[in-house]
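No value in this document is a laboratory result; all are computed from the given coordinates. It should be emphasised that the depicted structure is a prediction, and the values quoted were computed from it without experimental measurement. Here the Cβ positions follow ideal geometry from the backbone for every residue, glycine too, while neighbour counts run over all protein chains shown.
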Amino acid sequence: MRLKSITLSGFRGFAKMESIDLDADAVIVSGANGRGKTSMFDAILWALTGSVERLHGDAGDIVSRYSPSGEARVELNLDDAGASVRVIRRFDGEAHLSLETSNETVRGASAQTALIDLLWPEARAASEPDDALSRSLTRAMYLQQDVVREFVEADDEQQRFSVVSELVGVGRVTELQRQLETSRTAWTRATNRIDDDLKPLRNQIMALEERLRRLGEGDTPAFDQRGFDAWVEEAQRLGADIGDIRSTGIPAVEPVLAALQATQLSNDRAISSLQRLRAHLITEVPEAIAAEPLRAQVHASEAIVAEASTQLQIAQESVAAELRRQAEVRDQAESLRALAQLALRHLGERCPVCDQTYDQEATRARLQLQIGGQGDLETAPPSPSVEIAAVQLEAAQRQLAAEEAALRAAERSETLRANWDETRDALAREAGLAASTSLPADVEEALTSRQEADARLRNLRGLGEQYSLQIARLAEQNQRAEVDNQLRTLREDLAGRELEHDARVVTGELANTLLAGLRSASTRIVTEELDRIGPLLQRIYASVEPHPSFRAVRFLTSISRGHGRVWTTVVDEAAQKVVNEPSVVLSSSQLNVLAVSTFLSLNLAIESLPLQVVAMDDPLQSLDTVNLLGLADLIRRVRASRQVLVSTHDERLADLLSRKLRPVASGERTRVVKFDAWTREGPIVEQYDVPLDATPLKLVAAG
Amino acid sequence: MALSNVQLIAATGDVLTSNGYQQADVPAGWPSQSRLYEDDYGIVALFVYDTWLRLRSEWNVAQGHLVDLISKRLNRPDPKAWEGYLLLFTTASVPPDERREVTDLRYNTNRLRKLVATADDFETIEDVHTSLLPLLPLQVGAPSSSGSGLLSRLPGLLAADGLDSEVTEAAVNAFLRNESMMESLHRLHESR
C-alpha cells in the first residue's frame, strides 16, 4: 500500500485547503524550517492513527489557529494494490473518521477498526490497538524529526525489545500469552474455590470417621426378645408397676428398670422396717410396777405428816407464847432497873413525888436490889413437846419421801413399758404386721420373704441392665451402619470432586508449562527476528560508513526473568570492542546515522507492513558530508522496495536528493514538494516531478 | 589467506556486475590495475595499489583520471556528472600510525566520494562485498511470518522445548476462535 495524495485544511500549519500529490516512488519535501513540512508528515500520521504522540498536547492542538472553519481535516488517499482507499479524519471539538474503499464506507469506531485491519492487523492483538498502531508506524514507517534517535537513545533495552516484538508480530503471541495468564489465574481461583468447597466435606468425613471409630467394631447378637418378655413378666410378678412398654415397638428396658428400682426401694424399706422391728423385739421388755397402792400409801403418809406438822405447830406456838411472856417480864425488869438506876441517882431525902420522908437506905437497898435482881429474869427451858412433835414430824416426812420415791419409780416403769409397746406397735404397723403374740415369728417370716424378693429384684435389675446394654449396642450397630452408608456416599462424592479438582490442577499446570514456553517462545521469536534483521542493519550502517573504527553494528539481545532486552551495539571489529551505548563513542551526527539505519532496517525487514512507505522528516541534519552522501545513496536504494517520503530544510540537500532519486526508467516517478513560504493561510507549495533520465548509461552506451 | 591484487580486482568486478553495474572501457592512460563501472545512477572507478604508500601518494592521480573522464563524457547539468565514486583499494596493510590517513581519505568528499579499503578490510572474498556495500542495492533478506503466521509456528516452536504440540494447538485454536483456552486445554486433558 502506498500514499497517493493528501488534502489538508485547518491542520496545524495548513489553514486553507492544500492538496499534495504523493503518488510517486520518492517524494522529496523541501523548505526552510517552519514552512509546514512537519505538519504534512504529522497530517499523514494523524489521518492514519488519530493522534500525534510527539505533540504531547490535546486533540485540539492539531487545529490551525487560522483555520477558517475552526476544524482540522485531513483526507489521505492510498493505493492498495490498485484499489483506492480514502481516509478522512476531522476534528471540530470531536473526532470524526471515515474510511472509504471500493466496497464500502465506514465511519467512527468501525472505521478505526477497519483502518487498523488495513494498516497493521497485528495491532488488534494489543490491549490498546490504536496506541500499538501509532507505535508501530512511528518506529517503522514515520521517522519523526525530533525523535530520530529515540529508539537507540531514549528507549531503554526493554522498551526496544517491546517495540521490536510489536513490529515482528509477537503482539499476537503476547496477547495469547496475556489472555492465557488471565484465564489461568481465573481458572486457578475457581480450582481453589472448589478445593475450599471440599474442606467442609472432608471435615464431615473426618467427623464421621471419628464417630465410627468411637462406635467400635464387631457384630452384636440379635436381641433376646423371649428372655426380655420373661424378664418383664417376672418384674411384674415382683410387683413392678409397668405400663404399656411395647407401644413404641422398641424394647423399653428403662421403664421396667425404673419400676423395678421403685419396687426394690419399697422392698428395702420394708426389710428395714422388719429389721428394726426385729431388733426392737429382741430388746428387754421393761417391767411395769403397780403405782396405785404406792400412791395410796403416799396419801396416807401425807396425812400423817400433816398431823405431825400440826402438833409441832401447836407445841411451837405454846413455846412461843411462853417466850413472849418471858420477854415481857424481862422488858419490865429492865424498865424497873432503869428506873431504879435513875431513882438511885436522884435519891434524896424526900420523896419528890409526895415530898415525904422515907427510908433512904431501905429504899436504896431495894433499888439496888431492883437493879441487880437476876433470878427473876432467867429464861424457862424449852418445852419437851416441841421436840417430840418435831421428831414425829421428821419421821413422818421420811416415810413420805420414801413412799414418794417408790411411787415415782413405779410410774417411770409404767412409762417405759408403754413406750416400748408403742414402738413395737408402730414398727409392726410399718412392717404391715399385727402386734400379736406371734409377732416375732411373723417378723422373721416376713423378713425372709422380703429378702428373697430383694435378691430376685437385684437379679432382675442386673438382667435389665444387660438388656439395656444390648439394646444400646444394637442401637450403636444401627448407627454404625448408618454412618458407614453416609461415609460411603460422602467419600464417593469427595473422590469424584477431588478427581475433578485434580484434573483442573493438571490443566492449570499444563497452562503453566505452556505459558513458560510462550514466554520463551516470544522472546525467542524476537531474538530470531533480530538475528534476521541484524545483517540488514549492518549492511545499511556499513553503506553510510558513519565511524572510522566502529564500523559494525549488531543487535544484542538478552533474556532475563522472561523479559527481553535489546541493545543496538556498535563494534570495532579490528580492536574487538563492543559498545552497548553507542552515544558513548558516536558523535551526534553518527548517532543520527545509526538511528536512521535502525529505523530503515526495521522498516525493510517487516515485509508484512501493509503500508510500504518510509517517511523521514528531516533525518539528515548534522551529518558529515560523507555520511550525507552515503545516506542519500541509501535512501535511493530503499526506494526499490518502499515508497520514500523524505524532507529536508537544506535546499542543496534537496537538490542532491532530487539527483540521487531521479527516475531512470519509465514508470518511475520522483516528486518534489517544495514549501516556498508560509502565510497565515498556510504554506505556499510548489510541486513538480523530477525529470526522467532517459539514457542513464553514459559510458557503457558510448563504449 | 590474503587476496592478491588480481583476485581483488576480479572479486570487485564480480560483485559490481552482479549488482546492476556494467563494466566500461578504461580510458587510455589509466593504470593497468584500474577498472571502470557504471550503473543507472553513477560511475565507479576502481584503482588497486600494491602498497599503501602508493595508494597514499597516487590516489589524487586516480581522482584526476575519473574527474577528467566525467568532464569529458558528461555534461555538467547531467545528474550523473555528480555521481562519481572512486574505489581506492590495496591488498597491503597500513602501518598503525598511518591509519588515520585512511579515515581522512574516506571522509574526503572533495570532487568525488572515495571508498578506501586496505588489507585489514580484505581477509576474505566476502569482505570485498562488504567494502562495496555503499554502492550495492540493499539485500533486505527473506521475510518472516508474523502475526497469525507466528501463532501457527508456535506448536512447532514449543515442541522443540518438549511441549506437546496438541496442547499448543488447542490453546492457539481457542485463542483464534475467541474461546476459553483453559477450557480447551481441560477438554484435551480429559479426552486423553
Acute angle (nearest 10 degrees) that the helix A:225-237 long axis makes with the longest principal axis of chain A, alpha-carbon atoms: 30
- prompt: What ranking, highest mean first, results for peptides A:658-666, A:541-549 when packing means the other Cβ atoms within 10 Å averaged over each residue?
  reply: A:541-549, A:658-666
task: Filter the trypsin sites (Lys or Arg not before Pro) in region A:667-703 down to the DSSP loop ones having no more than 14 other Cβ atoms within 10 Å, then list what survives.
output: A:Arg680
query: Sequence-distant or interchain residues sharing an amide H contact under 5 Å with A:Glu686, placed H: which?
result: A:Lys674, A:Phe675, A:Asp676
query: What is the antiparallel percent of DSSP beta bridges lying wholly in chain B, to the nearest 5?
result: 40
- prompt: What ranking, highest mean first, results for peptides A:59-65, A:325-331, B:168-174 when packing means the other Cβ atoms within 10 Å averaged over each residue?
  reply: B:168-174, A:59-65, A:325-331
message: Residue by residue through region A:634-643, what is 3J(HN,Hα) from phi via Karplus (6.51 cos²θ - 1.76 cosθ + 1.60, θ = phi - 60°)? Round to whole Hz and write x for glycine and proline.
response: 4, 4, 4, 6, 5, 4, 5, 10, 9, 6
- prompt: Across peptide B:153-162, how many C-beta atoms of other chains are within 10 Å of each residue C-beta, on average?
  reply: 4
- prompt: Can you pull the mean other chain C-beta count within 10 Å for peptide A:385-396?
  reply: 0
message: Two decimals, Cα atoms only, Kirkwood Rh: what is Rg/Rh over region B:5-135?
response: 0.94
- line: Across the alpha-carbon set of region A:292-410, Rg over Rh with Rh taken as the Kirkwood radius works out to 1.45
query: Can you run phi through the Karplus equation (6.51, -1.76, 1.60; θ = phi - 60°) for region A:173-185 and list ³J(HN,Hα) in whole Hz, with x for Gly and Pro?
result: 5, 5, 5, 4, 4, 5, 5, 5, 4, 4, 5, 5, 4
field: Antiparallel %, DSSP beta bridges [both residues in region A:562-703], to 5
entry: 70
- request: Over the whole of A:652-663, what's the average partner chain Cβ count within 10 Å per residue? Rounded to a whole number, please.
  value: 2
- line: Relative to chain A, whose Cα atoms define the longest principal axis, helix A:253-281 and its Cα axis are tilted in degrees, nearest 10, by 20
query: Taking the Cβ-Cβ separation of A:Ile314 and A:Ala418 as r and a Förster radius of 41 Å, what is the calculated FRET efficiency to the nearest 0.05?
result: 0.35
Surrounding net charge for A:Glu476, when Lys and Arg each add one and Asp and Glu each subtract one, Cβ distance under 13 Å: +1
query: How far is helix A:439-544 tilted off the main Cα axis of chain A, in degrees rounded to 10, range 0 to 90?
result: 20
field: Sparse-neighbour loop sites [GluC sites (Glu not before Pro); region A:136-244; at most 10 other C-beta within 10 Å; DSSP]
entry: A:Glu217
message: Given points 7 Å out from each Cα along the Cα-Cβ axis, report the A:Ile282 to A:Ser560 separation in nanometres with one decimal.
response: 11.1
Label-point separation in nm, A:Asp23 to A:Glu322, each point 7 Å along Cα→Cβ: 19.6
Helical mean residue ellipticity (222 nm; -39500 (n - 2.57) per DSSP H run of 4+; nearest 500) of chain A: -20500 deg cm²/dmol
- line: For the protein assembly as shown, the Debye formula with one identical point scatterer on each Cα and no solvent gives log10 I(q)/I(0) at q = 0.04, 0.05, 0.08 Å⁻¹ as -0.48, -0.57, -0.91
